[in-house]
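**Student:** One structure coming up, written as structure tokens, with questions to follow.
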Ligand code: IPM
Ligand code: MG
């Protein structure tokens with residue numbers, strides 16, 4: 001089969017890690033007899049430099065015309081003085097919204113070979129953990145009414161959160177469906193003891209839970225969830241939560257795996273076109289030095305094959321190759337842990353994955 005993939009390399013280490021993933025995808029295509037056509041578009045700081053805006057219309061149109069989108073990372077200190085609505089990060093919100101990607105899947109899995117890189121004590125991660133965070137991505141406080149106004153104490157800034165039943169139901173359903181394909185446990189995280197949006201969230205989730213009697217459903221307040229994640233991460237299977245809570249909890253969940261450089265993510269909507277990107281950022285401090293860990297982007301490529309194109313054997317092939325490279329003891333600098341091995345460069349570890357495929 002032939003697929004058109006839009007590439008949003010972005011800033012910092014973005015170009016290096018996307019190029020690694022492209023090489024891996026090309027090798028996979030050759031092995032399985034597919035053809036991937038890659039087309040690059042500007043996003044983030046590099047787009048500001050070339051066009052004045054972080055998300056040019058041409059990028060949106062190119063993504064809409066593609067079968068799926070692979071993204072590196074955006075941002076860096078040179079754009080820190082941009083006004084709020086012209087910052088590189090704004091492009092992420094813009095592309096998510098333009099493509100209608102309401103569901104963000106962020107797996108946080110402790111790889112057995114990398115247990116020593118986890119900052120949690122051995123006794124806590126003895127059984128490992130494998131969590132899927134399902135984050136609502138184009139609603140809530142990120143997209144609500146905002147501004148500066150005159151308040152009781154003079155000038156004040158405000159951001160507002162709103163969620164409609166439709167927005168909650170579609171992400172909730174996606175989470176229940178994901179749980180059905182896994183260990184059938186779903187925890188919905190909110191702040192229903194304080195927030196009106198959370199109370200509606202909870203009501204809709206409870207309604208859905210009646211449609212999925214096989215899923216063991218629970219609710220948890222977000223402050224407790226932040227604590228439970230480091231106390232006993234293995235209690236979680238699938239987590240579903242709002243845009244901002246998901247932003248925060250997914251960073252926490254990825255950090256406790258000890259290998260944020262390895263975690264991919266998928267953003268999906270009503271069509272099969274998705275946006276696939278590593279969870280980590282643009283790491284400007286190591287950009288251009290061939291030190292970056294490309295595995296999260298390579299695994300994001302695998303997620304694209306699985307979720308956008310339905311190519312699960314091909315996705316398995318990439319994921320297995322990454323696992324065997326790790327099992328053989330190969331590491332980039334970020335996941336060395338206590339190992340005394342010499343770290344591999346970005347291109348070296350990419351080539352190891354390609355050899356296995
Ligand atoms: C993420 C990032 C973004 C977000 C920022 C960069 C806008 O933190 O993808 O988690 O908050 O969604
Ligand atoms: Mg974040």
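The values are calculated or read from the model by the stated rules, or taken from the named source; none is laboratory data. All values reported here derive from a predicted model rather than from experimental measurement. So basically every Cβ, Gly included, is an ideal-geometry build from the backbone, and we count neighbours across all protein chains shown.
**Student:** Test of understanding: among 128, 144, 100, which residue is touching a strand residue (DSSP E or B) at 6+ places or on another chain (Cβ under 7 Å) and either surrounded by fewer than 20 Cβ atoms within 10 Å (Cβ to Cβ) or part of a loop (DSSP other than H, G, I, E, B) (or both)? If you could, list the steps in order and put the result at the bottom.
**Tutor:** Working: 128 fails: touching a strand residue (DSSP E or B) at 6+ places or on another chain (Cβ under 7 Å); 100 fails: touching a strand residue (DSSP E or B) at 6+ places or on another chain (Cβ under 7 Å).
Only one candidate qualifies: 144.
**Student:** Residue by residue through the stretch 230-246, note down the ones that are within 16 Å of ligand 1 (Cβ to nearest atom) and under 21 Å from residue 111 (Cβ atoms).
**Tutor:** 239 - this is the single residue of the stretch 230-246 that is within 16 Å of ligand 1 (Cβ to nearest atom) and under 21 Å from residue 111 (Cβ atoms).
**Student:** Out of the residues in the stretch 221-244 that are buried (at least 19 other Cβ atoms within 10 Å of the Cβ) and either within 14 Å of the chain's Cα centre (by Cα) or part of a strand (DSSP E or B) (or both), state the one that is farthest from ligand 2 (Cβ to nearest atom).
**Tutor:** 238
**Student:** So for the stretch 285-300 (the condition being over 14 Å from the mean Cα position of the chain (by Cα) and within 16 Å of ligand 1 (Cβ to nearest atom)), does at least one residue qualify?
**Tutor:** No: the stretch 285-300 contains no residue that is over 14 Å from the mean Cα position of the chain (by Cα) and within 16 Å of ligand 1 (Cβ to nearest atom).
**Student:** Being touching a strand residue (DSSP E or B) at 6+ places or on another chain (Cβ under 7 Å) and in a helix (DSSP H, G or I) is the filter here, so list the residues in the stretch 169-191 that pass it.
**Tutor:** Matches in the stretch 169-191: 171, 172, 174, 175, 176, 178, 179.
**Student:** If a residue has to be out of contact with any strand residue (DSSP E or B) (no Cβ under 8 Å at 6 or more places or on another chain) and part of a loop (DSSP other than H, G, I, E, B) to count, how many in the stretch 147-162 make the cut?
**Tutor:** 4
**Student:** Exactly one of these conditions fails for residue 301: (1) assigned to a helix (DSSP H, G or I); (2) free of Cβ contacts under 8 Å to residues at least 60 places away in the same chain; (3) within 29 Å of residue 79 (Cβ to Cβ). Give me its number.
**Tutor:** Only one criterion in (1) assigned to a helix (DSSP H, G or I); (2) free of Cβ contacts under 8 Å to residues at least 60 places away in the same chain; (3) within 29 Å of residue 79 (Cβ to Cβ) is unmet by residue 301, namely (2).
**Student:** Among the residues in the stretch 185-196, are any within 16 Å of ligand 2 (Cβ to nearest atom) and surrounded by 18 or more Cβ atoms within 10 Å (Cβ to Cβ)?
**Tutor:** yes
**Student:** What do you reckon, is residue 207 assigned to a strand (DSSP E or B), over 23 Å from the mean Cα position of the chain (by Cα) and either at pLDDT 95 or above or closer than 30 Å to residue 258 by Cβ (or both)?
**Tutor:** For residue 207, the condition - assigned to a strand (DSSP E or B), over 23 Å from the mean Cα position of the chain (by Cα) and either at pLDDT 95 or above or closer than 30 Å to residue 258 by Cβ (or both) - is not met.
**Student:** Right, next: Looking only at the stretch 247-262, count every residue that is within 12 Å of ligand 1 (Cβ to nearest atom), at pLDDT 90 or above and either closer than 18 Å to residue 292 by Cβ or in a loop (DSSP other than H, G, I, E, B) (or both) and tell me the total.
**Tutor:** Within the stretch 247-262, residues that are within 12 Å of ligand 1 (Cβ to nearest atom), at pLDDT 90 or above and either closer than 18 Å to residue 292 by Cβ or in a loop (DSSP other than H, G, I, E, B) (or both) number 1.
**Student:** Need the failing condition index for residue 81 against (1) within 9 Å of ligand 1 (Cβ to nearest atom); (2) in a loop (DSSP other than H, G, I, E, B); (3) free of Cβ contacts under 8 Å to residues at least 60 places away in the same chain, just the number.
**Tutor:** If we test residue 81 against (1) within 9 Å of ligand 1 (Cβ to nearest atom); (2) in a loop (DSSP other than H, G, I, E, B); (3) free of Cβ contacts under 8 Å to residues at least 60 places away in the same chain, just (1) comes out false.
**Student:** Sticking with this structure for a sec: Write out, first by first residue and then by second, each pair whose Cβ atoms fall under 8 Å of each other, whose residues are 6+ apart or on separate chains, and whose first residue, in the stretch 274-286, is under 12 Å from residue 75 (Cβ atoms) and touching a residue at least 12 places away in the same chain (Cβ under 8 Å) while the second is more than 14 Å from ligand 2 (Cβ to nearest atom) and not in a loop (DSSP other than H, G, I, E, B).
**Tutor:** The qualifying pairs are 280/261; 282/10; 282/14; 282/72; 284/77.
**Student:** Whether any residue in the stretch 300-323 is within 16 Å of ligand 2 (Cβ to nearest atom) and under 20 Å from residue 13 (Cβ atoms) is what I want to check.
**Tutor:** Checking the stretch 300-323: at least one residue is within 16 Å of ligand 2 (Cβ to nearest atom) and under 20 Å from residue 13 (Cβ atoms).
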